[in-house]
Structure formats: C-alpha cells, structure tokens
Amino acid sequence: MGSRWKRARTLVHVSVVAGGSVVYSVSQWAMLILFARATSQTGFGKYTYALAITAPFFIFFGFSLRQVYVSESRGSRAWYEYLALRLVSSGAALLLAVLFALFNEAMSGVYFIVCVVKAIDLVADMYLGPAQSDGRVWSLGFYQMTNGLASLSLFGLGLLLEWQPVYALAMSIAGSIVAGTYALWVGECSLKRSAPSLRVAPRAVWHLVLVAAPLGVAGSLNSATQAAPRYALERAEGLAAVGVFSAMAYLLIAGNTVVSAVIQHELPRSVHVFRVSGRRAVKRRVFQLTALMVVLGLLAIILVWFWGDPVMTLLYGPGYGHKPTLMLLGVAWALGAVSWVWDMALVVERAFVTQMVAAGTGTLFSVLLSITVVEQLGLLGAGLATLVANLAIALVRIAGLTRISIQRGHRGVERHG
C-alpha cells in the first residue's frame, strides 16, 4: 500500500510540474501570438530580437544556481549564500543589459520591459530551490501557472483597453511580481523547516561563484547558440525575418515544457539515488529517460511533418510558415530533448565544466554556420545552424558522461586491486 501511494504521489507531482510548464509555455506563446497579430512582422521581430539579446545576459548571471543548490551537499545551511549571490548577479545582469541598450539605438521600449521581467524571475527562481530540494517539486508547477496566467491576463487586459502593444506588454511586469510573491512564500515555508544559517561569508560566496560559473557560462552559451541565427537573420534580411523564424522556433520550444517538467522533477530524485544507491542506479534512470525522450522526439517530428505549416498559418497568419525550416527545427528539438537528459546526469555528477564545454561547442558551430550559411539560405540556413549546434552539444555531453564512467571504473579497479 505504501509503495502504491508513493507512486501515485510521484505521478501527481510530475503532472503538476508538467501542467505548470505547459500552462506557462502556452501563456507565453499566446502572448507572442497576440503581440504578432497586434503589430507588424517588424514590430514582432523587435520583441523576439529583444528576447534573444537579453537571454545570454540573464542566463549567465543566473549561474543556474537553483540546480547547483539542489545538488548541494551542505543542504539548506548554505541557502543565504545562494540568495546573496543571486541578488547581486541579477542586479548586475540588469545593469549590463540596460547599459548595452543605451549604446544600441536599435533597442526599443520592449527591450527594457523584457529586462525587468527577467530580473524579477531570476530572484523568484532562487526561492524555488529550497522547495525543490525539500521534495515539494509541485511548487514549481504552481509558480509557472501563476506566472504564465497572470502575465497573459494582464497583457490581454491592456490590449482590450486598446493600449499600444508595448504598453500592454509592460503589464507582464506585474504578472512576474505576483508569481514572485508566491515563490517567496513557498521558499520561506521550506526554509522554516531547516532554519538555515543567516551568516554569509564573502569567501564562501566567492567560492560559490567559482563552482557555479561554468554552469552560467554553459547556459549563456546555450542561449547564444539559439540566438546566433537570429542575429544573422537580422543583419541579412531584417527584423521581419527574425520574427518569422522566432515564431517557428517557439512552436517547438513550447515542447520543451514537457521535457523541462520531467527533468525538474527527476533531478532531486536522481541526486538522492546517487547518494544512496550509487552511480549504477542513476545510469538506469538516465537510460529510461533517454528512451522516453527518443519516443517524444519521433512524435514531434511526425507532428511537424503533417501539421507544422498549417498550424503556423492558423496561429500567426500568412507568411509565418516554412516547412523545410520547421522540419530542421523539429529534428533539432528531438536531439535537444534527449540531450537534456544527459545534461541532468552531468548535474548529478556536478560535472559543470563538461557542460560548459558542450555549450561552447554548440555556440561555435552555431556562430560559424550563421555567418556562412544564413546569409545565403535565409530561414533554412537558420534552421540548419540550430540543428547542427544541437547535435554538437549532444555529442559532447554523451562523450563527457562516457569519460566520467570510464574514469570511475578505473578508480574502482585500482581500489579493488
């Protein structure tokens, strides 16, 4: 009876996290569609270009601290060190992003709105760490539901009041504040159970920077990998082409919500299994998740083949669909879904440098292809750059896990001998 209840509870938690991810993604997607329909392709391109420009700043300075915290061996004792670093780093990201805009006349009011929203979300994300580490993974799902629905509702209200799209978009800042308040409450509830130390030593925070920096670099490079084709498109064909490509890419990025939900739920469980049962037990879980993502990837490719182009035209209007590019992005997503599982395994191993190398390899291929191919092939070249970059990242991740497994095996043989 106990095992059945445990399985049922796990299923409920996964469903809530997956549901939250789906609601958030659909809400963000709906905002994109409404924004696209309320403005021109160029106006929509400005919005998606702002998202692409700001992402590397905020992802780098986020340092993926929630992941590092969940795998932290010291537990909640180090919580305030993580919070102090997140507050300083998110402020630095906001400052640098704004300074960048001041020296770039192409940035508009939309850019500043995106910056503020991302800074608020970064702080809220850190408060979800104690809840996730405490086994209250469902809180991530409720946070995403709150964030997505509040932002979409307020944005829609602005459009109903016939505000300009940029002013309506500014209402999403209030949505992030509402969701951030929920994250603060959930995090404080989990922290009350553990009573973490209030002492924050500058040396400890600096050590945390050194530990987490490779993840920050990796995340920023991954973001740059996705953004490089957009930069090249903007230079070669203008912001309208950026809007079209971003619309197609988001159709598949929305599928990442399912993958993200599974990974977010599985990470603390895999860390626990690793500490209690060892590496072999984690390998079994990674193999099972990999098989699941292969099935999801094949399903995504089939869906894109038959319905990708009609769905794009239905949602965004004429001119937003391009089947060859959609197919390339579909295969890229399938590779990325499988690769995310291997990325989680690297987090369990705390092999953050390997993650950085994988991200750097992907960025290198993305930039090279964006420079050489996008100008000639346009949208198709951008899709090809995305696919090759995801393939390179996947190969480096699996090579890193293989190397770790071989090294651990050699050490075990030496100890046995």
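The values are calculated or read from the model by the stated rules, or taken from the named source; none is laboratory data. In this text, all values refer to a predicted model and were calculated from it rather than measured experimentally. Note that we place each Cβ from the backbone using ideal geometry, even for glycine, and neighbour counts take in every protein chain shown.
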(message) So residue 350 ticks every box in (1) touching a Phe, Trp or Tyr at 6+ places or on another chain (Cβ under 6 Å); (2) outside any helix (DSSP H, G or I) but one. Which box is left unticked?
(response) (1)
(request) Might you check whether a residue that is under 22 Å from residue 34 (Cβ atoms) and crowded, with 16+ Cβ neighbours inside 10 Å occurs anywhere in region 293-306? (result) no
(message) Take residues that are under 21 Å from residue 191 (Cβ atoms) and either in contact (Cβ under 8 Å) with a residue 12 or more places away in the chain or polar (S, T, N, Q) (or both) and tell me which of the helices (runs of 4 or more DSSP H) falling wholly in region 60-179 contain 2 or more.
(response) 65-70, 79-102, 109-133, 138-160
(request) Go through region 201-239 and give me each residue that's surrounded by fewer than 20 Cβ atoms within 10 Å (Cβ to Cβ), aliphatic (A, V, I, L, M) and either modelled with pLDDT of 80 or more or in contact with a Leu (Cβ under 7 Å, 6 or more places away or on another chain) (or both). (result) 205, 209, 210, 211, 213, 236
(request) Given the conditions (1) part of a helix (DSSP H, G or I); (2) modelled with pLDDT under 90; (3) of a type outside the set (Ser, Thr, Tyr), report the number of the one that residue 399 does not fulfil. (result) (2)
(request) Report, by residue number, each residue of region 180-198 that is at pLDDT below 85, of a type in the set (Ser, Thr, Tyr) and part of a helix (DSSP H, G or I). (result) 190, 194
(request) Go through region 99-134 residue by residue and tally those that are of a type outside the set (Ser, Thr, Tyr), in contact with a Phe, Trp or Tyr (Cβ under 7 Å, 6 or more places away or on another chain) and at pLDDT below 85. (result) 4
